[in-house]
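Working notes, structure below.
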Amino acid sequence: MELDLDDLEPVSRRSTAAIVADRLRRAIMRGTFPPGAQLGEVEIAARLGVSRGPLREAMQRLVAEGLVRSERHRGLFVRDLDAADVRDVYTARAAIERAAGLLILAGDRTEAVLLLTAALADMEAAAAAGDAIALADADHRFHQQLVAASGSPRLRRMADTLLVETRMCLAALQDNPPPPAELVADHRVLRDAVRDGDADRLVATLDAHMADAVVRILDVAPVAHALAEPDVPTDPAPPAGAA
């Protein structure tokens, strides 16, 4: 049976809702909207210069991704992460990045090594400059590139959401961050394991990296206490840096 597709028009550009979702996702990732923050439609629509229709569609995408929760008669809030969430985020990331790494090792590693080397160079520069935000951004890109180089769009989609949740978790690391030199060294080992085709070293380093992050987040007493607190909505900060 032949389908009549005359009513389907070519998509020439991304929808406004998709662009807004990206900006909100980035704002959540960077802590502009911290866990528990309420997302006010009127303020955000005015700030982004969009109507409330695309904004609502964008917010529903974030609800579906698990980054935002909806409370009846109250509104939308950035999801809080408790201790179980932190462990689950890193368990899922470890599984996805192990799978991505093994796919890379089973194919041509050349492009992956180039991408990881570029991301590693950004990490080294940020660490040398003492720029914690740039270092976190470069760390994020390194792991994005690792999964992207696997060639699996499904792994990449799952990883993108998990990496946003990771940045939400990492907001708790401000009192107990890994030393920049140690962080860079760990990622250099990952790059070298991909370059050398060393699956055992790659998997062991990934697992240790994820486990260390969980320990650092949950072993800080003030953070562990905050993670156990009930949801307390706060006023959202304007997403000035979300573009």
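Remarks
- Tally of residues being of a type in the set (Ser, Thr, Tyr) and not in a helix (DSSP H, G or I) across segment 136-189: 2
- Unmet criterion (only one of (1) surrounded by 21 or more Cβ atoms within 10 Å (Cβ to Cβ); (2) part of a helix (DSSP H, G or I); (3) in contact (Cβ under 8 Å) with a residue 24 or more places away in the chain) for Phe77: (2)
- Candidates Ala138, Ala148, Ala204, Ala208 - the one that is small (Gly, Ala, Ser), without any contact (Cβ under 8 Å) to a residue 60 or more places away in the chain, within 18 Å of Glu97 (Cα to Cα) and touching a Lys or Arg at 6+ places or on another chain (Cβ under 6 Å): Ala148
- Segment 112-130, residues that are free of Cβ contacts under 8 Å to residues at least 60 places away in the same chain, in a helix (DSSP H, G or I) and over 14 Å from Gln144 (Cα atoms): Ala121, Ala125, Ala126, Ala127, Ala128, Ala129
- Qualifying residue in segment 140-148 (condition: surrounded by fewer than 20 Cβ atoms within 10 Å (Cβ to Cβ), at pLDDT below 95 and under 20 Å from Ile217 (Cα atoms)): yes
- Number of positions in segment 51-104 that are within 18 Å of Met210 (Cβ to Cβ), within 14 Å of the chain's Cα centre (by Cα) and of a type in the set (Gly, Ala, Ser): 2
- Selection over segment 10-38 of residues that are assigned to a loop (DSSP other than H, G, I, E, B) and either of a type in the set (Phe, Trp, Tyr) or closer than 21 Å to Val89 by Cβ (or both) gives a count of 7.
- Annotation: of all residues in segment 23-67 being hydrophobic (A, V, I, L, M, F, W, C) and free of Cβ contacts under 8 Å to residues at least 40 places away in the same chain, the one that is nearest to Met168 (Cα to Cα) is Val63.
The values are calculated or read from the model by the stated rules, or taken from the named source; none is laboratory data. The structure presented is a predicted model; accordingly, all values stated were derived computationally and were not measured. FYI the Cβ positions are ideal-geometry reconstructions off the backbone, even for glycines, and counts take in every protein chain you see.
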